[in-house]
Every structure is written in C-alpha cells, then in structure tokens.
1. Between residue B:140 and residue A:90, how high is the FRET efficiency from 1/(1 + (r/R0)^6) when r is the Cβ-Cβ distance and R₀ = 60 Å? Nearest 0.05.
2. Modelling each spin label as a point 7 Å along the Cα-to-Cβ direction, I'd like the residue B:116/residue B:153 distance in nm, to one decimal.
3. How far apart, in nm, are the 7 Å Cα→Cβ label points at residue A:43 and residue B:88?
4. Compute the FRET efficiency between residue B:333 and residue B:166 as 1/(1 + (r/R0)^6), taking r as their Cβ-Cβ distance and R0 = 35 Å, and round to the nearest 0.05.
5. Please report the spacing between the Cα centers of region B:1-52 and region B:64-127 in Å, no decimals.
6. In 5 Å bins starting at 0, how do the alpha-carbon pair distances of chain A split up by percent?
7. Please flag any cysteine in the protein assembly as shown that has no other cysteine's Cβ under 4.7 angstrom from its own Cβ.
8. Using a Gaussian network model of chain B whose springs link C-alpha atoms within less than 10 Å, name the residue from B:22, B:65, B:107 with the highest mean-square fluctuation.
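Computed from the coordinates by the stated procedures, all read-outs in this text should not be read as laboratory data. Computed from a predicted structure; not experimentally measured. Note that we place each Cβ from the backbone using ideal geometry, even for glycine, and neighbour counts take in every protein chain shown.
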Amino acid sequence: MFIIHCPFCGEREQSEFKSGGEAHIVRPRQPTELSDDEWAEYLFMRKNIKGIQFERWNHAHGCRKWFNMVRDTSNDEIKAVYKMGEKPPIK
Amino acid sequence: MKNKYSIFSLIKNAFSYHENWEKAWKDPIPKKEYDAIIIGGGGHGLATAYYLAKKHKMKNIAVVEKGWIGGGNTGRNTTIIRSNYLWDASAGLYDHALKIWEGLSQELNYNVMFSQRGVMNLAHNLQDVRDLKRRTHANRLNGIDAVYLNTQEVKKFCPIINTSPDIRYPVLGGTLQRRAGTARHDAVAWGYARGADEMGVDIIQNCEVKGIKRNGDKVEGIETTKGFIKTNKIGVVAAGHSSVIANMAGLKLPLESKPLQALVSEPVKPIIDTVVMSNAVHAYVSQSDKGELVIGAGTDDYISYSQKGSHDIVEGTLNAILELYPIFSRMRMLRQWGGIVDICPDASPIISKTSIKGLYFNCGWGTGGFKATPGSGDLFAHTIANDEPHKLNAAFNINRFISGDLVDEHGAAAVAH
C-alpha cells in the first residue's frame with residue numbers, strides 16, 4: 001500500500017484509487033480501417049514495464065477524476081502525478 | 001535412477017547421520033551451447049526440462065534461474081490443485097495436469113505429498129448457484145468429477161463453515177471435486193530438478209538473463225550474468241517477469257504483472273481436512289501438514305513487481321474468512337508474502353510459439369499456475385521439441401488475441417481474479 005497525491009484532492013490512501021493501467025495508448029483514429037493485428041496491439045498488448053511506467057489512475061472513492069502517474073513498478077515509488085492531457089513531467 | 005530414494009536408502013543413510021546423501025542436483029558451469037534453454041527454474045520450467053529430456057530425448061539442455069530454483073511463485077502459492085474449469089479447452093489442459101499429479105511421486109521417486117483431499121467451491125448468491133451448477137454439468141460432460149452440494153451437504157463435508165442464513169453472504173451451496181487437493185510446492189520443484197539433472201539437464205542457478213540475442217527473426221542465444229550462451233531454442237517460463245524477457249526480444253505480450261498475496265497462521269491441530277474456496281467473498285483456506293492455515297488473498301489492481309501487496313487486500317480476505325469460519329477468530333497469522341503473477345486479458349495461460357523463430361513462451365498463468373505444473377511442462381516440452389503445439393495447448397496460443405478466439409475463464413474458473 002502507498003499514498004497517492006491526487007492532483008485534485010491531495011494525499012489519500014492507494015485503496016481509494018483504481019488503476020487504469022498503461023497510459024498514453026492512443027485510441028485508433030479510424031477504427032474501421034484497423035487490421036486484426038492492430039486491434040490486438042491496441043486492446044491487449046502491453047509494455048508491462050518493470051521500472052519507470054506511465055499509467056492512468058482514477059480516484060474511484062474520491063473525486064472520481066482520472067489522472068496520470070509516473071511510478072517505478074519495481075518498488076512502487078511514485079515519481080510524478082499529472083493531469084489528463086498534460087505532458088509527462090519526466091521523460 | 002542411480003540414487004533411488006527408498007526405505008532402504010533412508011536406513012542406510014541413518015547409519016552415517018544423514019551426512020552422506022548425494023546432492024539431488026549438480027551445480028554446473030554453463031556450457032557454451034545448448035540445444036535448448038529454459039529461462040526460469042520454477043516448477044513449470046523444471047518440468048519442461050524434465051519432459052524435454054524424458055519424452056523428447058533432448059539431453060543437451062539447460063535451465064537458467066536468476067535466484068534459486070522454486071524460489072519464485074512455485075514457493076509462494078497456496079498449493080491448490082484442481083481441474084474443475086468451465087470451458088473444454090481449460091478442462092482438457094488442467095485435467096491433463098491432474099492426471100499426471102496422480103502418479104507424480106512414483107514417477108519422480110520423490111514424495112510431492114499430493115493429497116486428494118477435495119476442493120469445495122462455495123456459492124453465496126443465486127447467480128453463484130446457477131454458475132456453479134452449470135460448471136458442474138460442464139465438468140461432468142468433460143469427464144471431470146464434480147458434484148453440487150446444498151447448504152446441509154456443505155456443512156456435513158466441512159463442519160466448521162458457518163452456514164447460518166444470517167451472515168452477510170450466506171452459503172447457498174457449493175461444488176466439490178474430490179480428486180482435487182494440494183501438494184508440497186517445494187517438493188515439486190526439487191523432484192523435477194532431481195529428475196532432470198539425472199538425465200543430464202544443467203540446472204544453472206543465480207544466473208540472470210540480461211538479453212536475448214536475435215538474428216533477424218530467429219534467436220541465437222542469451223546474455224546472462226554468467227556470460228553468453230548459444231542456443232537456437234529458448235523456452236521462457238518466467239511467470240511475473242515474462243514481459244521483461246519479452247521486451248528483451250522486442251516482443252510485447254498481452255500481460256499485466258500484479259502482486260498476489262498469501263498468508264499462513266500459527267500451526268494448530270487438524271481442523272480443516274479439505275480446501276474451501278469462495279469466489280464471491282474471495283477467501284480460500286486449507287491446512288498444511290504442519291498445521292498452518294494456508295490462506296490466499298486477491299491480487300492488487302495495479303501493475304507492480306515489488307513482491308508485496310496492499311494491506312487492505314489481506315484485511316478484506318481475513319474479514320471474509322472470519323465470517324465463514326468464526327472458529328478462527330483468535331488465530332494469529334504467522335507470515336504474509338506476495339508473488340508477482342502475470343495475468344492475461346482472458347485469465348487463461350499462453351503456451352505458444354511466437355513470431356520469432358525458436359522463441360517460445362509459457363506464461364499468463366495468473367493466479368492459478370501451480371495446479372498445472374506437470375501438464376504445463378509436458379505440453380510446453382512438446383511445443384518446443386516439435387515446434388508445434390500439442391492438441392491440448394493449441395487453444396492457448398498467443399494468436400488468440402489477434403483472432404479473438406479467447407478462452408475466457410475470468411470468473412468462470414471458480415475463483416475471482
């Protein structure tokens with residue numbers, strides 16, 4: 001368990017949040033033209049990184065807003081939190 | 001087997017104070033080249049090497065393990081074995097494993113302490129009742145033993161369960177697979193390691209894979225902390241770290257790695273002689289031969305490789321355990337730990353070739369891989385040796401995520417994921 005700094009509510013326990021998995025996966029612009037391979041890539045294939053990962057979180061038991069997070073998945077250390085649509089503060 | 005374990009070898013070694021037992025497996029230096037290399041020395045990896053050597057006569061093979069064998073999820077699971085899965089493909093896969101379990105101690109000359117004490121799955125609402133009845137019928141059509149029990153029969157089979165209608169999630173019934181049960185997890189790894197070593201397999205511990213060498217669309221070897229090893233067949237059985245290895249080869253897998261926790265209590269006298277699982281309240285419990293209650297909790301919902309989970313997950317599981325078994329209310333918990341499980345979108349495993357020639361993956365077992373250990377090893381060995389899947393694992397290929405032919409066991413597999 002760890003503490004998450006919600007960009008809207010401040011520090012809360014991780015159990016209030018829902019993880020939305022990998023961030024910055026671009027939704028297909030023209031879904032009708034996608035091949036099966038491209039659909040599989042979009043829907044299922046994940047980097048599943050051990051280390052610095054960009055991900056989406058939802059403050060499900062709070063403000064219910066979505067935001068992004070940079071977290072080291074090898075030790076759960078949170079490096080940065082930023083709002084949807086913003087550029088990641090870390091590369 | 002040159003050093004067969006038996007009552008006679010036990011007596012013979014007693015005379016020398018058990019100080020002269022031969023090592024169960026060697027500690028070799030890696031050769032320059034192997035016909036096949038298995039990455040991951042857990043139960044599945046060691047079983048794969050064992051069956052490659054035994055059934056497919058591939059003797060020049062190695063298992064590389066970054067830590068010690070059986071030190072990952074093999075040593076961290078709750079040892080439950082069952083095959084009561086809903087879909088035909090899963091039923092075939094898991095019952096294949098269960099059939100091997102039934103003769104495994106004899107085959108390996110190693111007591112894996114396989115105990116067919118039965119596994120009971122509880123229903124707590126009307127939808128559970130319908131789902132479990134449906135699954136019972138599906139199991140029986142697939143030749144897998146299964147019976148549906150009403151509340152009184154559940155109480156009779158496991159008297160310490162609180163079947164009062166007044167609890168938050170009352171027990172409305174359950175299913176029972178009598179051939180299911182538990183086994184000693186470490187012994188499975190050690191037994192397969194000893195058997196594989198006997199046939200000439202090199203088991204190389206403390207050897208972490210750092211890279212996969214590719215030449216175009218085929219593999220040429222692995223970079224490890226003990227140097228480069230050449231091979232043209234690599235079988236990856238790295239559980240929670242499968243994606244890490246895949247990334248080294250430039251592949252992406254449909255996996256997410258998450259912490260899964262378990263805990264054991266202080267040891268007590270025999271109190272529960274079966275395994276009871278509840279999907280709806282997420283509590284499952286059995287008792288080890290040492291007397292500890294073995295309790296499985298759920299997965300955390302975020303990706304993590306930290307091998308520790310959140311406290312609220314354990315708390316939720318223990319709440320459910322206490323409601324179902326008020327008798328455990330003063331029990332103290334001794335140890336708690338986490339393992340990293342690799343979960344597929346359809347909660348079914350991948351035992352498959354990949355788009356890279358000579359690179360095979362056995363992963364995605366998620367929260368329930370231990371039960372499949374012997375079957376998984378057998379079928380993966382077949383896939384590697386023949387470069388073609390066995391008919392029992394054909395449905396578990398990686399291309400199902402492209403074709404859409406998923407084996408959707410989420411929730412249907414008798415336990416929540």
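1. About 0.60, to the nearest 0.05.
2. Output for this residue pair reads 1.9 nm.
3. About 2.2 nm, to one decimal.
4. Result of the calculation: an efficiency of 0.85.
5. When both Cα centres are located, 22 Å separates them.
6. P(r) for chain A, in whole percents per bin: 3, 13, 22, 21, 17, 12, 7, 4, 1.
7. So far as the 4.7 Å Cβ criterion goes, A:63, B:158, B:207, B:344, B:363 stand without a partner in the protein assembly as shown.
8. B:22
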